[in-house]
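Notes follow the structure.
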Amino acid sequence: MRLTRTRLIAIACLSPSALFGQLNVITSGGFAAAYQELIPAFETRSGISVKTTRGASQGDGPNTIPAQLRRGLAADIVIMSKEGLSELISGGKIVPGSAVDLAQARLGVGVRAGAPKPDISTVEGFKQMVLRAKFINIVSTTAIYMTEKLFPKLGITADIAGKIKGSTVGEVASGEVEITIRPVSEILTVPGVDFVGPVPAEIQFVSVFTAAIVAGSKHTEAAKQLITFLASEDAKPAIRKSGMQPARSH
């Protein structure tokens, strides 16, 4: 079909968002603070509109990123822990070769604002904090690391049975849960929660947050633009501000 001159002009005048449609992103909490700061700049520069949904990288809950994708939620990009992404890749949910590491974050401890800060400068201090706490807030990849590796290593698996709450950080702010152990980037920006410090180096776990294009996306070019922006030099200040470090270049 031959395009008329009027039709060609109309196409040329379309904004990038009109050409690409809306870009749908699902991000985990670890990268969320930096992401929220960066997205307005991306939308302004590119003209591409972005809709964002949140979800945990791993776990059994109904709102994890894998669970949302299984329910058929429309998504073009996921941003999540590398461990969670590996499961999606093996399940054929990700465009091969599209994954790009964005940032890495150490685990940290948070308590209700104004509450006494426990001494976690040593492994023993961290262990005693966990033993004294009535409830501990850990979720997603952090919960898997803690329950399957760290707590057994420390010999306290039986002692923490029933203490773990897969709740929001907000329950720490309200006092319902004494401590949270999460990537530092998930603690620093939460109102009502004080950052205690990082988990001791000997038992530290560094989460790597990675972006990738979801298989079946109809907006792969726009998705590539966003991922490139989030991995660019322009994104690094926001990543550092949120408590993470930019991913190492390969």
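We did not get these values from a lab; they are worked out from the coordinates using the rules stated. Everything quoted here is computed from the prediction, not taken from an experiment. Methodologically, a virtual Cβ is constructed for each residue, glycine included, from the backbone with ideal geometry; neighbour enumeration extends over all protein chains shown.
Running a GNM on the chain with Cα contacts under 10 Å, which residue among T228, T142, T64 ends up with the highest mean-square fluctuation?
T228
Could you pull the Cα extents of segment 105-203 along its three principal axes, largest to smallest, in whole Å?
33, 26, 24
Starting from the Cα of K153, draw a straight line to each of the aspartates and glutamates and keep only those under 16 Å, dropping any in the same chain fewer than 8 residues away.
Once the sequence-local aspartates and glutamates are set aside, what remains near K153 is E124, E202.
Going by amide H atoms built from the backbone, whose H comes under 5 Å of the H on V199, apart from near neighbours?
Residues meeting the criterion, in which the H sits 1.01 Å from N, are L107, G108, V109.
Rank these for me by crowding, V100, V214, going from fewest to most other beta carbons within 10 Å.
Going from least to most buried by this count: V100, V214.
Work out the charge dipole of the chain with +1 on the Cβ of Lys and Arg and -1 on the Cβ of Asp and Glu about the Cα centre, then indicate which of G59, Q128, P116 is farthest towards its positive end.
Projecting each Cα onto the dipole axis, the largest value belongs to G59.
Which three numbers, in whole Å and largest first, are the semi-axes of the equivalent ellipsoid of the chain derived from its Cα gyration tensor as √(5λ)?
On the way: eigenvalues 306, 65, 47 Å².
Its equivalent ellipsoid spans semi-axes of 39, 18, 15 Å.
Kindly write out, for segment 195-208 in residue order, the coupling ³J(HN,Hα) from the Karplus curve 6.51 cos²θ - 1.76 cosθ + 1.60 (θ = phi - 60°), rounded to whole Hz, with x marking Gly and Pro.
So the J values, rounded to whole Hz, are 7, 7, x, x, 4, x, 4, 5, 10, 6, 10, 9, 7, 10.
Enumerate the calculated ³J(HN,Hα) couplings along segment 85-96 in order (Karplus 6.51 cos²θ - 1.76 cosθ + 1.60, θ = phi - 60°), each rounded to whole Hz, writing x wherever the residue is Gly or Pro.
5, 4, 5, 5, 4, 5, x, x, 8, 10, 5, x
Distance check, please: which entries in K82/K163; K218/K241; K127/K236; K117/K163 exceed 29 angstrom between their Cα atoms?
On the way: K82/K163 27 Å; K218/K241 33 Å; K127/K236 34 Å; K117/K163 19 Å.
Cα-Cα > 29 Å for K218/K241; K127/K236; rest within.
Have a look at S98, S217, G166 and report the one farthest towards the positive end of the charge dipole of the chain, computed about the Cα centre with Cβ charges (Lys/Arg +1, Asp/Glu -1).
S217
Sort D60, D76 so that the residue with the fewest other Cβ atoms within 10 Å of its own Cβ comes first and the one with the most comes last.
Ascending Cβ contact count within 10 Å gives the list D60, D76.
Output ³J(HN,Hα) for segment 62-70: one whole-Hz value per residue in order, computed from phi by the Karplus curve 6.51 cos²θ - 1.76 cosθ + 1.60 with θ = phi - 60°, and x for Gly and Pro.
Once θ is set to phi - 60°, the couplings for segment 62-70 become x, 10, 5, 4, x, 5, 5, 5, 5 Hz.
Counting DSSP beta bridges with both partners in the chain, what percentage is antiparallel, nearest 5?
Taking every DSSP beta bridge with both residues in the chain, the antiparallel ones total about 65 percent.
Rounded to the nearest 5, what % of the DSSP beta bridges within segment 105-203 are antiparallel ones?
Here the antiparallel bridges make up roughly 70 percent for segment 105-203.
Work out the length of the dipole vector of the chain about its Cα centre, built from +1 on the beta-carbon of each Lys and Arg and -1 on the beta-carbon of each Asp and Glu, and round it to the nearest 20 debye.
About 700 debye.
Based on the alpha carbon coordinates of segment 144-192, what radius of gyration and maximum Cα-Cα distance (Dmax) apply, in Å?
Rg then Dmax for segment 144-192, in Å: 12.2, 33.
Return one number: the angle in degrees, 0 to 90 and rounded to the nearest 10, between the long axis of the Cα atoms of helix 220-230 and the longest principal axis of the Cα atoms of the chain.
Once rounded, one gets 50 degrees.
Placing +1 at every Lys and Arg Cβ and -1 at every Asp and Glu Cβ, with all other atoms neutral, what dipole size does segment 105-203 have around its Cα centre, in debye to the nearest 20?
Dipole size: approximately 80 debye.
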